[in-house]
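This report refers to the structure that appears directly beneath it.
The values are calculated or read from the model by the stated rules, or taken from the named source; none is laboratory data. Quick caveat, the model's predicted, so the values are computed rather than measured. Ideal geometry is used to build each Cβ from the backbone, glycine not excepted, and the neighbour counts take in all protein chains shown. Side chains included, ligands, DNA and RNA excluded: accessible areas come from the protein's heavy atoms. Shrake-Rupley method; radii C 1.70, N 1.55, O 1.52, S 1.80 Å.
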Amino acid sequence: MKKYMISVFIYLIGFSAGFCPAEAQAAPHQPVFNDISSSYAKDAIIRLADRGIVDGNGNGAFLPRQTVTRAEFTAMVSRLLGMGPVFNDLPAYRDVQKQAWYYGWVHAGSNLSIVNGKGEQLFRPLDNLSRQEAAVIVVRAMKQDGGRGSGLADRYKDADEVAGWARTEVAAATVSGWMEGNQGLFRPEIEITREETAALLDRVLESGNVKPLIDHGSEALRQDIRMGWLYNGNVGQYISYAKAANLNTLVPRWYYIEPSGAVTNYSNIELLQWSRQNGRKVWGMLGNRSDADATHRALGNSQARRSVIQKLAGYVSTYKLDGINVDFENVAPADRANLTSFIKELSEELHSLGAVVSIDVSPDLGTDWTEAFDYSALGAYADYVVLMGYDEHWGGSPLAGSVSSMPWLTSAVDKILTTVPFSKTIIALPLYTREWRLSPGSGSEDISLLEQGRRIRKHSSVLIWNEALGQYETSYDEEGIRRKIWTEDARSLSVKLRMLVARNVAGTAYWYPGSETPDVWQAISNIQRYESYSFNL
């Protein structure tokens, strides 16, 4: 585990003169439009403008009959859902430039899988949106599977003109009352206008529980555990990281088992005071520095375990800690029972003090590295089990590959959930990756997400999204050596988090502090809010 200082990043969005669509605006207001008096969508336009979802051209006009681009529609839908723009450090599309007003909105929609590209790494943001495309995006945004609609041919005389990829969504949008035809025609390939868009989004907003759910969505958010470790950096840096990441559980690395059997104490009063003043819990971490022998001496008999537990209980009482996080790596298989006994006895002691116990574990690899973890027993005795969902391909791996691909992580999570209750399971996600040297020779280097972006941009390396892995792959040559990165970024972490939310785990953790790019936290916030929605339509 390594610590990188968090960087502060300010995004400046430049807008061109002239028409400035709703998606570029920062706050709701109540404009008075001079060209909507005869529009059938007048009331809808005013309601949406009041919510900051749509806006005019800045000169008093709404331009109701003007067409809508893919970028504009994506931004409108994202704002309707209460999402924030995400300025992904790694761009998903070659034709969505970082200086464009819609960059953050297109990526917010892409991270949520509400919108997709059109062709290889192209979004075509300025293409006008067709009615059938609008139907697909809206039905997807409202989490409808398209199964609500059927019998399209019975509804529209031009049903055969609806593309195969849009048929169920067009039918669902029709059944929901969100979209309708004209004189028996749906006109699927006709470009949707701004007044049609306003009418559509207003109908969606007024459906079922959509408006109250979005308006009060933050109140419905589960108070999941959101933890991160402190390593190396000073307290001020860690506090900055905790604020940016919105951590509610701080895990400073304060306590270590030494070869002598002593437990060292690096508790920091400044961090304790800040956490209490700001409503954060503190789980002091107990580490073993990957020293198998020292761990054996500390756990090998009841008297040794008792000595360590008494020390920790004293720290919990003195510093009013909320818990202890046990991070033992490289524990010998022979100490499996000793580790289980230690967690059982530590939990009993700390529970009497009102504190909790969590333990960090690697995915069950069926090797000596994880043999010491009796997952079922640890899950029974500890309050939380933190699964370190990374190092699928570790630094010394004989094969190059991802730090945490979706198939691997999903399998690891599903496996631990067979032995540890979901209400006790926390999944740690990677904020780092590795650059692999493929030829000549082999090997890898741990790099932060900040450094990852720098190297990709330096080499103008092409990003290729691997849908199966849930991340980009990219490669380039440097100093005659072929190098490859399986990336982690806002998009890949969004995919991972959606999987975890679906499994209702107790929370997430992030490794390592300061390694991330700032966009990651807005992406995670969007996912948590969006996945909390349960639309009743």
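Structure values in brief
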{"read-out": "Helices (runs of 4 or more DSSP H) wholly inside the range 115-201 that include at least 2 residues being touching a residue at least 12 places away in the same chain (Cβ under 8 Å) and basic (Lys, Arg)", "value": "131-141"}
{"read-out": "Condition broken by residue 335, with the remaining ones in (1) in a helix (DSSP H, G or I); (2) of a type outside the set (A, V, I, L, M); (3) surrounded by fewer than 20 Cβ atoms within 10 Å (Cβ to Cβ) satisfied", "value": "(3)"}
{"read-out": "The listed residue being touching a residue at least 24 places away in the same chain (Cβ under 8 Å) and in contact with a strand residue (DSSP E or B) (Cβ under 6 Å, 6 or more places away or on another chain), out of 344, 311", "value": "311"}
{"read-out": "Where residue 282 falls short, out of the listed (1) outside any strand (DSSP E or B); (2) open to solvent by less than 30 Å² (accessible area, probe 1.4 Å)", "value": "(1)"}
{"read-out": "Candidate set: the range 434-475, residues that are of a type in the set (Val, Ile, Thr) and touching an Asp or Glu at 6+ places or on another chain (Cβ under 8 Å); chosen: the one farthest from residue 122 (Cα to Cα)", "value": "447"}
{"read-out": "Residue list for the range 356-387, restricted to those being in a loop (DSSP other than H, G, I, E, B) and without any contact (Cβ under 8 Å) to a residue 24 or more places away in the chain", "value": "365, 366, 367, 370"}
{"read-out": "Filter pass, residue 423 being polar (S, T, N, Q) and under 22 Å from the mean Cα position of the chain (by Cα)", "value": "yes"}
{"read-out": "Every pair of residues 6+ apart whose Cβ atoms lie under 8 Å, when the first sits in the range 325-341 and is within 17 Å of residue 356 (Cα to Cα) and at pLDDT 95 or above while the second is open to solvent by 60 Å² or more (accessible area, probe 1.4 Å) and in a helix (DSSP H, G or I)", "value": "340/381; 341/302"}
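Here's the yes/no breakdown for (1) more than 18 Å from residue 289 (Cα to Cα); (2) hydrophobic (A, V, I, L, M, F, W, C); (3) in contact with a helix residue (DSSP H, G or I) (Cβ under 9 Å, 6 or more places away or on another chain):
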residue: 368; (1), (2), (3): no, no, yes
residue: 372; (1), (2), (3): no, yes, yes
residue: 386; (1), (2), (3): no, yes, no
residue: 396; (1), (2), (3): yes, no, no
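Residue by residue, here is whether (1) over 23 Å from residue 423 (Cα atoms); (2) surrounded by 23 or more Cβ atoms within 10 Å (Cβ to Cβ) holds:
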{"position": "494", "(1), (2)": "no, yes"}
{"position": "497", "(1), (2)": "no, no"}
{"position": "502", "(1), (2)": "no, no"}
{"position": "509", "(1), (2)": "no, yes"}
{"position": "515", "(1), (2)": "yes, yes"}
{"position": "522", "(1), (2)": "yes, no"}
{"position": "526", "(1), (2)": "no, yes"}
{"position": "533", "(1), (2)": "no, no"}
{"position": "537", "(1), (2)": "yes, no"}
